[in-house]
Amino acid sequence: SIKGDWAPRLTVGGYSLVGSFEDGTSKRGVLLGYEQPITKKLVFVSDWSSGNNGLGYLAAGVGITLSPKSIVYVGYNVGNNGRGNNSLGVFYGFNF
């Protein structure tokens with residue numbers, strides 16, 4: 001996190017898949033994330049997972065805080081392998 005009330009938060013990481021996969025499947029990759037608060041209850045979010053596999057996506061959208069314990073994310077997912085696997089995503093999160 002960068003200091004400040006409306007400062008962005010950056011995430012960097014990596015992954016490794018375990019098991020057997022089709023030839024040409026990436027088994028290791030990079031994860032990048034960016035969050036930018038817009039208001040107290042609205043945040044822009046973007047995540048990217050590299051790779052030629054089922055995890056390889058760029059996702060961008062918004063998070064809407066419903067209460068201190070719940071949030072809804074709405075975004076669009078673009079697959080690294082072409083347009084055939086793009087989709088709209090809606091996710092609900094609850095912290096307990």
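The values are calculated or read from the model by the stated rules, or taken from the named source; none is laboratory data. As the structure is a computational prediction, the values presented were derived from the model and not from experiment. Please note: Cβ atoms are built from the backbone with ideal geometry, for glycine as well, and neighbour counts cover all protein chains shown. Please note that ligands, DNA and RNA were not included when accessible areas were found on the heavy atoms of the full protein model with its side chains. Shrake-Rupley method; radii C 1.70, N 1.55, O 1.52, S 1.80 Å.
See the values below:
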{"item": "Residues of segment 16-46 that turn out to be over 16 Å from residue 6 (Cβ atoms), within 19 Å of the chain's Cα centre (by Cα) and either modelled with pLDDT of 95 or more or surrounded by fewer than 16 Cβ atoms within 10 Å (Cβ to Cβ) (or both), as a count", "result": "9"}
{"item": "Cβ pairs under 7 Å, 6+ apart, first in segment 1-30 and without any contact (Cβ under 8 Å) to a residue 24 or more places away in the chain and over 29 Å from residue 42 (Cα atoms), second open to solvent by 60 Å² or more (accessible area, probe 1.4 Å) and of a type in the set (Lys, Arg)", "result": "16/27; 16/28"}
{"item": "Count - residues of segment 67-83 that are in contact (Cβ under 8 Å) with a residue 24 or more places away in the chain and either open to solvent by less than 60 Å² (accessible area, probe 1.4 Å) or assigned to a strand (DSSP E or B) (or both)", "result": "3"}
{"item": "Conditions (1) under 15 Å from the mean Cα position of the chain (by Cα); (2) at pLDDT below 95; (3) open to solvent by less than 30 Å² (accessible area, probe 1.4 Å); number of the one not met by residue 53", "result": "(1)"}
